[in-house]
Amino acid sequence: MASYCILGGTGFVGSRLVAHLANRGHRITIPTRDPERARHLRILPAARIIRADVHAPGTLAGLLGGSDAVINLIGILNESGRDGRGFQRAHVELMQTLIAACESAGVSRLVQVSALNAGAPQASSHYLRSKGEAESLLRASRLDWTILQPSVVYGPGDAFLNRFAGLLKLIPWVFTLPMPDTRFAPLHVDDLVLAIARTLQDPQTIRQTLQLYGTESFTLREIVRMIADALGLDRRIIGMSRGLSRAQAAWMDFVPGKPFSTDNYRSMLLDSVGKEDGLQRLGIRPRSLAANLASSLAGAGLHSHYDTCRRTAGR
């Protein structure tokens, strides 16, 4: 069995990936600055949780020793400031540190989970530009890399469908929606997890970039309508123009948590739909959003992580 180091292993995608790989007998190292966030993974005997700052070059190189591959899931959708430095640190500087650490530790295999539209010439958001810069660094390295570019990822406990579900419950009667016509091809989290697992086992994916997305494409308005209907909420959804969407984003830049930021607005100027079917190449038939919407909206949050890990551990 293999040994993997997963950066971002305590998050939404990472928790399910750790459980999936551990269930197949692989040994997993999960570095985190806050081990408390990984407590739901402690029931997995194959998971080793290490308190560490992955941005520290010497620390990261030491953690990678003995690993067969590294999977990088770390990414942010918003930063505390507005000048892009947060995105540079989380995406670009971390990639520089990770490449150097892999070379120092003798680990050649690296799977990078990026995003659709990363580095696109027309991309104006710090998020997509920094993701693209990280990809360029990796492609220029000597590592055996694979870059996965998913569309928006959904599933139980996600921050996409469930965020809109929470807002729809809070706001009665009329729901105003920024960027309503942006299109997405949502990808189920378990399809992404399976894609990562198969990529790790498939040498044909080395030095390849794979776009990952669902077979169904929806506008944001259509997705929010589906959520409201699934929850039995009678809401009138009013789409905002680009100008109003931009104005709302500029105001929300200063709202704690940034529910919708200027950088989010800029990212949503591009549709998150793919052109090259990476799932088909990996032999994966994507799940339907309509068929999995109800289960994605049920049992969200921390306990869904516990349930996943308990099922994996057979407890």
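Please work out the C-alpha center-to-center distance from region 128-147 to region 1-74 and express it in whole Å.
21
Of the chymotrypsin sites (Phe, Trp or Tyr not before Pro) in region 244-280, which ones lie in a loop per DSSP and count no more than 10 other C-beta atoms within 10 Å?
Within region 244-280, the qualifying chymotrypsin sites (Phe, Trp or Tyr not before Pro) (loop, at most 10 other Cβ atoms within 10 Å) are Phe254.
Please compute one quarter of the surface area of the Cα convex hull for region 62-109 and express it in square nanometres.
Working: hull surface 14.3 nm².
Dividing the Cα hull surface by four gives the mean projection, 3.6 nm².
In units of 2.2 N^0.38 Å, what is the alpha-carbon radius of gyration of region 39-128?
Ratio of Rg to 2.2 N^0.38 Å for region 39-128: 1.23.
Need the list of aspartates and glutamates near Lys169 for cross-linking: C-alpha distance under 19 angstrom, and skip anything on the same chain fewer than eight residues off.
Within reach: Asp158, Glu222, Asp229, Asp234.
Which of Cys5, Thr182, Gln149 sits farthest toward the positive end of the charge dipole of the chain, with +1 on the Cβ of Lys and Arg and -1 on the Cβ of Asp and Glu?
In the chain, that residue is Cys5.
From the alpha carbon gyration tensor of the chain, can you work out the equivalent ellipsoid semi-axes (sqrt of 5 times each eigenvalue) and give them in Å, largest to smallest?
Semi-axes, largest first: 31, 23, 19 Å.
With N set to the residue count of region 4-76, report its C-alpha Rg divided by 2.2 N^0.38 Å to two decimal places. Walk me through the numbers on the way to the answer.
Numbers: Rg = 11.1 Å, N = 73, 2.2 N^0.38 = 11.2 Å.
Cα Rg divided by the expected 2.2 N^0.38 Å: 0.98.
With an 8 Å cut-off on Cα pairs and a minimum separation of 6 or more residues, tell me the relative contact order of the chain in percent. Please list the in-between numbers first.
Values: 612 pairs, mean separation 63.3, N = 315.
With pairs under 8 Å counted, the relative contact order is 20 percent.
Read the figures in this text as sums done on the coordinates, not as results from a lab. Remember, predicted model here, so these are calculated numbers, not experimental data. Here the Cβ is made from the backbone with ideal geometry for all residues, glycine too, and neighbour counts use every protein chain on show.
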